[in-house]
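Novice: My structure is below; once you've seen it, I'll send some questions.
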Amino acid sequence: MAVILVLGGYIAYQRLQPLLSGSGCTAASGDKDIPLGIGQAGIAATIAGVAQRQALPARAVTVAYAAALQESKLTNLLYGDRDSVGVFQQRPSEGWGPRRELENPVYATSKFFDALVKVPGYQRIPIYQAAQDVQHSADGFAYAQYESMAAQMTGAFTGQDPHAVWCWYSRKISGTARTDAASTQLAQTFGPHRARVRADPGLIVQVRNARQGWVIAAWLVSHAQQYQISYVAYAGYRWTAADGAKGWAPSDSPSPPRSIELG
């Protein structure tokens, strides 16, 4: 059984690996770098953001990642078995909500967590069992092959491991950052937040603590192309779209404490 799980995890990992010659992201945790596509990283960051909004522990994020990796490979699918749709392949006919809403990763994740917190002892039982108690899949043990990867991603996307998520884009990001749109989507994902729009930097987002800051920073770099974000600076580190593949680098001009700057 152990050999099967290891092989299954390896195959799943290979399927997730993006083409490094184009756009992609890295989630670094410990001594391992997990390659993700831009869309996968964006959804992973969204799941971590919704968990933070709902004040849920890291364990909840790990369960959600294991479920999403199995159900959709962390992709917002517009199709599925019967009427299944979205990141978690939730079915409107099973009471998860309207199809149009389930196609929104923020809504789908919120519904997943609403169900997860009702699972008795979900923080103590095995990850695959907690995922199965939410999803009611035909093969609940399938979630087990993603437990290790999900746990590693949780460390990177929830801020346990700082400056651990970065992305690079094959298409050059130029022009003015869409700060109003980014701020609006941040509020939908993370809940109300304090932000100030300026000429330079384009937007300053206030955070409560270091871990929240790195969760938001991961969301910003994985949505940089969508909102034309050319750089993100936080806690003495800076990520730039021009050198995105190099990750976060120490900044010569650190941003103010508990502030994320972007433009």
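The values are calculated or read from the model by the stated rules, or taken from the named source; none is laboratory data. Everything numeric in this text was worked out from a predicted model, so none of it was measured. Note that each Cβ is placed from the backbone with ideal geometry, even for glycine, and that neighbours are counted across all protein chains shown. The area values use the complete protein model at the heavy-atom level, side chains included, leaving out ligands, DNA and RNA. Shrake-Rupley method; radii C 1.70, N 1.55, O 1.52, S 1.80 Å.
Novice: Kindly indicate whether any position in region 125-134 is without any contact (Cβ under 8 Å) to a residue 40 or more places away in the chain, out of contact with any Gly (no Cβ under 6 Å at 6 or more places or on another chain), more than 19 Å from Ala41 (Cβ to Cβ) and not in a helix (DSSP H, G or I). Before you say what the answer is, go through the steps one by one.
Specialist: At the first step, the residues of region 125-134 found to be without any contact (Cβ under 8 Å) to a residue 40 or more places away in the chain are 125-126, 129, 132-133.
With the extra rule that they be out of contact with any Gly (no Cβ under 6 Å at 6 or more places or on another chain), the set shrinks to 125-126, 129, 133.
Retained after the next criterion (residues that are more than 19 Å from Ala41 (Cβ to Cβ)): 125-126, 129, 133.
After this cut, where a residue has to be not in a helix (DSSP H, G or I) as well, the list is 125-126.
Checking region 125-134: at least one residue is without any contact (Cβ under 8 Å) to a residue 40 or more places away in the chain, out of contact with any Gly (no Cβ under 6 Å at 6 or more places or on another chain), more than 19 Å from Ala41 (Cβ to Cβ) and not in a helix (DSSP H, G or I).
Novice: Tell me which residues, restricted to region 155-167, are crowded, with 22+ Cβ neighbours inside 10 Å and in contact with a strand residue (DSSP E or B) (Cβ under 7 Å, 6 or more places away or on another chain).
Specialist: Keep residues of region 155-167 that are crowded, with 22+ Cβ neighbours inside 10 Å, which gives 156-159, 163-167.
Residues satisfying the conditions are Ala156, Phe157, His163, Ala164, Val165, Trp166, Cys167.
Novice: Does Gly191 count as open to solvent by less than 30 Å² (accessible area, probe 1.4 Å), in contact (Cβ under 8 Å) with a residue 60 or more places away in the chain and in contact with a Cys (Cβ under 6 Å, 6 or more places away or on another chain)?
Specialist: No, not satisfied.
Novice: Quick check on Val215: is it buried (at least 20 other Cβ atoms within 10 Å of the Cβ) and under 18 Å from Leu56 (Cα atoms)?
Specialist: Numbers: buried (at least 20 other Cβ atoms within 10 Å of the Cβ): yes; under 18 Å from Leu56 (Cα atoms): yes.
When the stated conditions are applied, Val215 passes them.
Novice: Is region 134-154 home to any residue that is open to solvent by 20 Å² or more (accessible area, probe 1.4 Å), modelled with pLDDT under 90 and either within 17 Å of Pro57 (Cα to Cα) or hydroxyl-bearing (Ser, Thr, Tyr) (or both)?
Specialist: Yes: region 134-154 contains one or more residues that are open to solvent by 20 Å² or more (accessible area, probe 1.4 Å), modelled with pLDDT under 90 and either within 17 Å of Pro57 (Cα to Cα) or hydroxyl-bearing (Ser, Thr, Tyr) (or both).
Novice: Tell me which residues, restricted to region 86-119, are under 15 Å from Ile43 (Cα atoms) and either among the hydroxyl-bearing types (Ser, Thr, Tyr) or open to solvent by less than 10 Å² (accessible area, probe 1.4 Å) (or both).
Specialist: Hits for region 86-119 are Gly86, Val87, Phe88, Leu102, Tyr107, Ala108, Thr109, Ser110, Phe112, Phe113.
Table: residues versus (1) open to solvent by less than 20 Å² (accessible area, probe 1.4 Å); (2) closer than 21 Å to Tyr107 by Cβ; (3) modelled with pLDDT of 85 or more.
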site	(1), (2), (3)
Met1	no, no, no
Leu5	no, no, no
Leu19	no, no, no
Asp33	no, no, yes
Lys73	no, yes, yes
